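Remarks on the structure that follows.
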Amino acid sequence: MLDPAILKDNLEDLELNISRRDLKIDINLLISLNDERKSLRFDAEQKRSQQKELGKQIANANENEKEELLDKASELSNEVKLLFEEVDKRDEEFFNLWVKIPNLISKTSPDGKSDQDNLEIKKVGNVKDISSPKDHLEIATKLNLLDVEKASEVSGSRFAYLFGDLVKIEFNLVSWALNKLSEKGFTPTVPPVLVRENALYGTGFFPDDAEQVYEIPNDDLYLVGTSEVPLAALHTNEIINLEELPLRYAGFSTCFRREAGTYGKDTTGIFRVHQFDKVEMFSFCSPEKSEKEHEFILSVEEELLQSLEIPYRVVDVCAGDLGASAAKKYDIEAWIPSQNTYREVTSCSNTTSFQARRLNIRAKSEGETKVLHTLNGTAIAVGRILIALIENNQTEDGNVKFSNKVAEIIGVKNLGQ
RNA sequence: GGAGGGAUGGCCGAGCGGACGAAGGCGAUAGUCUUGAAAACUAUUGUAUGUAUUCCAUACCGUGGGUUCGAAUCCCACUCCCUCCGCCA
């Protein structure tokens, strides 16, 4: 959520943002609603003040005066009640519209309408020349390390069984990543994966992306699609000393996504599934330093991929392709030989004060308290990293062989043998 | 799942219908005293919003509703914590 004060003191930025995101929003309506609710509140508070004053008189009045004062107070009480009901109504009306306003896009993010317009920043690593590469599903199924058919019988489409070496690699990857992140100041965290509505609302997944979230209606809980949600919500309603920032967490969790509206998209293997494991970085940081923190998180992501010798490119996501909460976002796309293209394996966003304002997380220094900034980034999305590892290291005979350096990290030299 | 008890400022803890944004203590900050420090004493010490910039108004005593002229205080619902029983990785 943006600070409504922007309606008063920085309308140009708001208008620019709306046009960059290609949205149609009636700003004048927002301005007048905001002004109305404020002035109504002022009136109501004045009346309330009178009421309190009168209450004090009643407490000190003698019997004769009391009767008359009570009549007056009763009337006033009614007026105040009605006024505040009106104020609440206006507030609701305003904020229902206001929460839908997406975050201000960074001046440094490229313009554009869709992922076609994302800006490639760099390419790193050597793409191996593989003649007629197989996809990860074929390779891993043949090696008895993956079974999506059985999974679809048991759980439906977009689920998978991982076996043997793939599981070994997963746990090695996770523990290796957590160790690396720990050295960089991220506290390893296993967060809850079931959360209340408020955590999803606070992180900006609600109301916009509600259709992607699994719901447990009996208990009013939701399965998180990323540990970003419980990590962000960890410090809800807190005021953190500026010197303690940045607070960095590395969350490991299973992620659940409904993938609604993706029928027919990425149906092969485990690229797009309802359930996968992920190590996620999350930072709470001062507003002044969030741009630097964003670059830092990106650099960590790159370091991990470089260690795994996965060829990738970095993309600066354009205005039209940014989610509601992000001010700026970098995606890293790994080379996927079977698709002959780069596909997203990590994503890091600077959400500036957008989530922190909704979650009411502030930073305090020398008397001044202000909303802080939050950032998130993928460290290891296990499924997609497995795909990249398998496909980029396949041999002509349908096996997979890793370099000594990579084998040292993942604990496997020749897959499935 | 069953039976009870509780939630008040950074912390402890009083208040149980008007004088309460809230006693008292601890902690913190500043000052007095001291060569310096400690002790003692004095003062300050929550957050947010507003048509308010050292003033003023309003809201906040777990959360949301209700009763009342008036609610931290009474009523209802919810959340969380504690104790006991049962179950359980």
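Once the Cα atoms of helix A:290-307 and of chain A are each reduced to a long axis, what angle between those two axes, in degrees from 0 to 90 to the nearest 10, is obtained?
Tilt of helix A:290-307: around 20 degrees.
Pairs of Cα atoms under 8 Å, at least six residues apart: use those to get the relative contact order of chain A, whole percent.
Details: 758 pairs, mean separation 86.2, N = 417.
Reported relative contact order: 21 percent.
Placing +1 on the Cβ of each Lys and Arg and -1 on the Cβ of each Asp and Glu in chain A, which of A:PHE42, A:ASN126, A:ILE101 has its Cα farthest towards the positive end of the resulting dipole?
The one lying farthest along the dipole's positive direction is A:ASN126.
Pairs of alpha-carbon atoms within less than 8 angstrom and 6+ residues apart define the contacts here; what relative contact order does segment A:277-415 have, in percent?
The value is 29 percent.
In debye, nearest 20, what is the charge dipole magnitude of chain A about its Cα centre with +1 on Lys and Arg Cβ and -1 on Asp and Glu Cβ, if you could check?
That gives a dipole near 1020 debye.
Taking every pair of alpha-carbon atoms in segment A:63-157, what share in percent sits in each 5 Å bin, from 0 to the bin with the longest distance?
The calculated distribution, bin by bin, is 2, 8, 6, 7, 7, 6, 8, 9, 8, 6, 5, 5, 5, 4, 4, 3, 3, 2, 1, 0, 0.
Too long at a 32 Å Cα-Cα cut-off: which of A:LYS81/A:LYS364; A:LYS180/A:LYS265; A:LYS8/A:LYS278; A:LYS265/A:LYS328; A:LYS150/A:LYS401?
In this structure, A:LYS81/A:LYS364; A:LYS180/A:LYS265; A:LYS8/A:LYS278 lie more than 32 Å apart at Cα.
Using the crude model of +1 on Lys and Arg Cβ and -1 on Asp and Glu Cβ, and no other charge, please compute the dipole size for segment A:161-291 relative to its Cα centre, in debye to 20. Working shown, then result.
Working: 11 positive and 20 negative charges, 91 e Å.
Dipole magnitude for segment A:161-291 comes out near 440 debye.
Given contacts defined as C-alpha pairs under 8 Å and at least six residues apart, what's the relative contact order of segment A:51-195, whole-number percent?
Working: 49 pairs, mean separation 12.7, N = 145.
Computed value for segment A:51-195: 9 percent relative contact order.
Roughly how compact is segment A:251-312, stated as its Cα Rg over 2.2 N^0.38 Å to two decimals?
Dividing the Cα Rg of segment A:251-312 by 2.2 N^0.38 Å gives 1.48.
Based only on the alpha carbon positions, what is the Kirkwood hydrodynamic radius of chain A, in angstrom?
Details: mean 1/r = 0.0413 Å⁻¹.
One over the average 1/r among Cα pairs gives 24.2 Å for chain A.
With each pseudo-label sitting 7 Å past Cα toward Cβ, what's the A:LYS113-A:SER49 distance in nm, one decimal?
5.3 nm
What does the extension gain come out to for A:TYR214 and A:ASN237, with contour length at 0.36 nm per residue minus their alpha carbon separation?
5.7 nm
Could you tell me which of rounded, prolate or oblate describes segment A:347-417, using a ≥ b ≥ c as the square roots of the eigenvalues of the alpha-carbon gyration tensor, with rounded for a/c under 1.5 and, failing that, prolate when a/b is larger than b/c and oblate otherwise?
Verdict is prolate for segment A:347-417.
Sticking with the crude label model, points 7 Å out along Cα→Cβ, report the distance from A:SER74 to A:ASP88 in nm, one decimal please.
Result for the modelled spin labels: 2.3 nm.
With angles folded into 0 to 90 degrees, how steeply does helix A:382-392 sit against the dominant principal axis of chain A? Use alpha carbons for both and round to 10.
Between helix and principal axis, roughly 30 degrees.
Pull up the cross-link candidates among the aspartates and glutamates for A:LYS38, meaning alpha carbon to alpha carbon under 18 Å and not fewer than 8 places away within one chain.
A:LYS38 reaches A:ASP3, A:ASP9, A:GLU79, A:GLU85, A:GLU86, A:ASP88, A:ASP91, A:GLU92, A:GLU93.
To the nearest 10 square angstrom, how much accessible area does A:TYR342 have with a 1.4 angstrom probe?
My reading of the accessible area for A:TYR342 is about 40 Å².
Along segment A:272-288, what does the Karplus equation 6.51 cos²θ - 1.76 cosθ + 1.60 (θ = phi - 60°) give for ³J(HN,Hα), rounded to whole Hz, x for Gly and Pro?
10, 10, 6, 9, 8, 9, 8, 9, 10, 9, 9, 10, 9, 8, 6, x, 5
Between segment A:217-257 and segment A:190-204, what is the separation of their alpha carbon centroids in Å?
Segment A:217-257 and segment A:190-204 have Cα centres spaced 6 Å from each other.
Quick check for you: which residues of segment A:380-395 have the amide N under 14 Å from the point 7 Å beyond the Cα of A:ASN414 toward its beta carbon?
The answer is A:395, whose backbone nitrogens lie closer than 14 Å to the label point.
To the nearest 0.05, what FRET efficiency results for A:GLU120 and A:PHE42 with a Förster distance of 35 Å applied to their C-beta separation?
Values: r = 52 Å, r/R0 = 1.48.
According to the calculation, E is roughly 0.10.
Of the beta bridges DSSP finds with both residues in chain A, what % are antiparallel, to the nearest 5?
Within chain A, antiparallel bridges account for around 90 percent of the total.
The values are calculated or read from the model by the stated rules, or taken from the named source; none is laboratory data. As the structure is a prediction and not an experimental result, all values here were calculated from the model. Backbone-built Cβ (ideal geometry, glycine too); neighbour counts: all protein chains shown. Calculation scope for accessible area: heavy atoms of the full protein, side chains included, ligands and nucleic acids excluded. Shrake-Rupley method; radii C 1.70, N 1.55, O 1.52, S 1.80 Å.
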